[in-house]
Amino acid sequence: MVLSAPSSDYVIVSVPVGAPVAPVITPSASRVPAPTLIKPDKNTVTSSLKPLITGLAKNDSIVHIFIDGVHNGKFKVANHVSGTANFVYTPFLELSRGRHRVSAIAEDLKGNKSSMSGSLDFNIEMPMPAPTLLRIWSGAQGTYDWPILTGVAKNDSRIKVYIDKKLAGEFMVKNHPSGTANFSFKPKSRLNAGRHYIFATATDKRGKVSSWSNIIYFGTVPAPIPQVSSISERNAAIADEAEKEVKESIPDGKGGRAVEGIKEESNPITAPVQSDEDEGKRDKEEIKEILDELKSTSTRKESSSGNATSSEEKGADKRLNLIIFLVFLVGVIAWIFWVNRELVKERNEQKKDEEEKRENKDEDNTPPGAGQF
């Protein structure tokens, strides 16, 4: 009597009872090696309803996966230089919780199939409780660019926090007598401006990972950059502005008001020279005009800068600005008087030189003997 094994690769030939000959196993002609399954096994701790199935198979093999005796799917392995490739397979349907058995068959390019591989038993446990995110705080500046996350999780949990699906940090919770621990988390660095989302997972001591926690969405804005300027810098800016306005206020003698300095002319001045009294009156009027302009400028600057400073800093700035302004104003007035005095002196000297030249010219033009009797 001949009995055929359920496998298509080997044929078991039996002889009548009592014969001294042992059974003979004849391998099939295909000689396709069966795959080797690695995970999951009885030591695997998982709560995933789609656990990863890993193993080894010959190059150019098509591996068929069977779960609990039912064909679950097939795939072609990626070749390796060694001739044996590893593979990873994920069930296309979720499995139920509890115990399961997985096995595999390899198929070559000609359609020959291997025997059934050794089977692995594994257990899908109840899931690890996911942490609960309670709130995300905006931080001291209210910009959410460096947020603080708070939440709760089961004791002995290792929490992994993800921001935009990237691991931002992990830590062990501090256990609580109630069995549920609270935690807080702050990223190591500031976040970029824009929209973000944050979630977390928990892992127990055996390595079982929970599902995602609830997701919190939030947006960040750039942190304001403090504009710090010293009192001396502000006063220097005010002094430069005042000096510029004083220069613009000096008449150029041609009806204009923008004179950067005094340029010496090569041609003699032929304009009529005003008296010292007229010059003094004009100087007083110009000084009064300058004072009015400087006063209005100072008032505008103090009012604009006062909105951004505290009341105490305003008082100190005003007093210091007033002192600097008065010192600068005295210097400007002294400079104006000196310039005008030099101008008057220069004009008088030029007038005197012109008169001497005219007298010398008249003497030269007098014919010899004129005036002699």
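What follows is calculated from the coordinates using simple rules that are stated; it is not laboratory data. Please read these numbers as outputs of a predicted model, since none were measured by experiment. Reconstructed Cβ throughout: ideal geometry from the backbone, glycine too, with neighbour counts over all protein chains shown.
Just list whichever of 174/208; 39/174; 154/188; 58/205 have alpha carbons separated by over 29 Å in the model shown. Over 29 Å apart, Cα to Cα: 39/174; 58/205. Shape class for the stretch 132-220: prolate, because the ratio a/c of the largest to smallest gyration tensor axis (alpha-carbon atoms, square roots of eigenvalues) is 1.5 or more and a/b beats b/c. Highest mean packing first, where packing is the average number of other Cβ atoms within 10 Å per residue, the peptides 345-356, 326-337, 96-107, 52-63 line up as 52-63, 96-107, 326-337, 345-356. Close amide H contacts of residue 73 (hydrogens built in the peptide plane, cut-off under 5 Å, sequence separation of 5 or more or a different chain): 65. Here's how it looks for residue 34: its modeled amide H is under 5 Å from those of 115, which are all 5 or more places away or on a different chain.
Projecting label points 7 angstrom from Cα along Cα→Cβ for residue 50 and residue 175 puts them 3.6 nm apart. The stretch between residue 84 and residue 42, if pulled fully straight at 0.36 nm per residue, gains 12.6 nm over its current Cα-Cα span.
Taking amide hydrogens as placed 1.01 Å from N in the peptide plane, the amide H of residue 145 sits under 5 Å from those of 221, each at least 5 positions away in sequence or on another chain.
Once you reduce the stretch 30-83 and the stretch 108-125 to the center of their Cα atoms, the two points are 6 Å from each other.
Under a model in which nothing but the beta-carbon of Lys, Arg (+1) and Asp, Glu (-1) is charged, the stretch 132-220 shows a dipole of about 200 debye around its Cα centre. Along the stretch 174-188 the Karplus relation, 6.51 cos²θ - 1.76 cosθ + 1.60 evaluated at θ = phi - 60°, assigns HN-Hα couplings of 8, 4, 10, x, 6, x, 10, 9, 9, 8, 9, 8, 10, x, 6 Hz to successive residues, with x for each Gly and Pro.
At full extension, residue 327 and residue 342 could sit 3.1 nm farther apart than now, given 0.36 nm per residue minus the alpha carbon distance.
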